[in-house]
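First up is the structure itself, then whatever we jot down about it.
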Amino acid sequence: MDIISIILFPFKWILEAVMVLFHSLFTAIGANPDDGNTWVASIVGLVLVVRAALIPLFVKQIRSQRTMYLLQPDLQKLQKRYKGKNDRDSRERLAREQMELYKKHGSSPFSSCLPLIAQMPVFFSLYATLTEAQNSKPGVGMLTKELSVSFANSTFVGAKLSETFLTASSISVNILAGTMIVLMSASQFITQKQIMAKNQNPDVQNSQFAQTQKIMLYAFPLIFLVTGLAFPLGVLIYWTVSNFWTMGQQFFVIKRMPTPGSIAHRERQERLAKKGKLTLEATPEVVEEDEKPAQRVQPVSKARAKKKPKGKK
């Protein structure tokens, strides 16, 4: 057993157990254990359990992205200050001041990526578990040889769950796999577009972080589009359902925790204003607008009144 298999072993054991338990549950209530619909329902159940367990990491990722957007104006000021200074001391000072800024806000250049990295063992284990099942191989735990054969030979909408777009034995497999690939890529694109369109401050659209987000907007869907051709139908179903979960979850989080200055933040403030509720963020803005005129008139008049007696003396 290689090092990767050792690392993935506990994840695979848990994931197999969840999928098999869902399969046993659906079988117990009368579903055909060898039917593709039963196995697809088990995959959907697996998605729900896994994604629910990853909610804390997802929220942390959204917060990290929000912090990175808020940091961009200060980072841009630093970059302008050291623009054209390529000597070693200037580069070191720039790096040091950037790290101090990250530390001040409790963030780092890689903080938004850490939740994704933490999820990779889960996703690799899922891919290995479903792929082994579709090749009629027994798993490391509750997924027996008999269950793997049942999974591999089951059909969903006329297509075997073990087939891929490239190894399709019929046009129905190509249609189903192609539909899954398009939905998987489209949901990934919409999810990333949602962040850029709704949860990004317009003032930082030209920042390096924003440019990286634009690259990811097209890169990830393209990766899914190409690699999806070799994914078995069971894996495609998992990724498609998982992406739709992410899209809906992100919509909810952005609506409740928008980045200040973004379109989503303004829309949230407008909704709160209509309901007669104001957040702590909105209150200072209203107070400043009401008090500024009074501060401009009253202090000036008092100052002039005090200066006149001094002039007479």
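The values are calculated or read from the model by the stated rules, or taken from the named source; none is laboratory data. Fair warning: this is a prediction, and the values are worked out from it, not measured in the lab. So basically every Cβ, Gly included, is an ideal-geometry build from the backbone, and we count neighbours across all protein chains shown.
Side notes on the structure shown:
- If you go through the stretch 124-137 and keep only what is among the charged types (D, E, K, R) and surrounded by fewer than 18 Cβ atoms within 10 Å (Cβ to Cβ), you end up with just Lys137.
- Residue match in the stretch 257-269 (condition: more than 15 Å from the chain's Cα centre (by Cα), at pLDDT 90 or above and part of a helix (DSSP H, G or I)): no
- Hits in the stretch 217-240 - residues which are under 19 Å from the mean Cα position of the chain (by Cα) and loosely packed, with under 15 Cβ neighbours inside 10 Å: Tyr218, Ala219, Leu222, Ile223
- Failed item, numbered, when Val140 is tested on (1) modelled with pLDDT of 75 or more; (2) of a type in the set (Val, Ile, Thr); (3) within 30 Å of Ile55 (Cα to Cα); (4) surrounded by fewer than 16 Cβ atoms within 10 Å (Cβ to Cβ): (4)
- For the stretch 216-240, residues that are in contact with a helix residue (DSSP H, G or I) (Cβ under 7 Å, 6 or more places away or on another chain) and under 20 Å from Lys193 (Cβ atoms) total 9.
- Among the residues making up the stretch 18-40, a single one is part of a helix (DSSP H, G or I), of a type in the set (Gly, Ala, Ser) and either at positive phi or modelled with pLDDT under 95 (or both): Gly36.
- Residue in the stretch 165-175 that is nearest to Thr129 (Cα to Cα), counting only those that are surrounded by 18 or more Cβ atoms within 10 Å (Cβ to Cβ) and either modelled with pLDDT of 90 or more or within 31 Å of the chain's Cα centre (by Cα) (or both): Phe165
- Of everything listed in (1) under 29 Å from Phe251 (Cα atoms); (2) without any contact (Cβ under 8 Å) to a residue 24 or more places away in the chain, the single unmet condition for Gln98 is (1).
- Annotation: of all residues in the stretch 143-164 being aliphatic (A, V, I, L, M) and over 18 Å from Thr227 (Cα atoms), the one that is surrounded by the most Cβ atoms within 10 Å (Cβ to Cβ) is Leu143.
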